[in-house]
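Here's the structure we're looking at; comments come further down.
Coordinate-derived values only; no laboratory data. Predicted, not measured: the structure shown is a model, and the values here were computed from it. We place every Cβ from the backbone using ideal geometry, glycine too, and count neighbours over all the protein chains shown.
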Amino acid sequence: MKEPLWNVGLVTSENAPKPGLFSNSNPEEFVGHYIKKVFVSPCGRREHMWVKITHVSDKVKREMSGILGNDPVYATQYQCDDIIKVLPEEVEQILPG
């Protein structure tokens, strides 16, 4: 998902991060959807990016894997299309895929 660079630091109250909101969700429910997750840059800046969940990689740990859908601005240790591991409690928002 391509978004303008100026948008990376802006969050409305409606879209503010809600960590833990999906903690009790079944990881299978996220497959095929975009989720928003926070990433921390090497210097400590927080950046919220979209990950398209492709599968549940560890059912015991409830760990999901997906593809990063943004070009990071601050969290430059990641690149668009990287494979990312996500836990349900890290999901801040979900969009239909």
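Brief remarks on what is shown
- Relative contact order (%) - segment 44-97, alpha-carbon pairs under 8 angstrom, separation at least six: 31 percent
- Base-10 log of normalised Debye intensity for segment 19-95 (one unit scatterer per alpha-carbon) at q = 0.20, 0.27 Å⁻¹: -0.79, -1.28
- Burial order of peptide ranges 72-78, 47-53, 32-38 (average beta-carbon count within 10 Å, highest first): 47-53, 32-38, 72-78
- Among the lysines of segment 19-95, pairs at least eight places apart or on separate chains and with Cα atoms under 14 Å apart come to 7.
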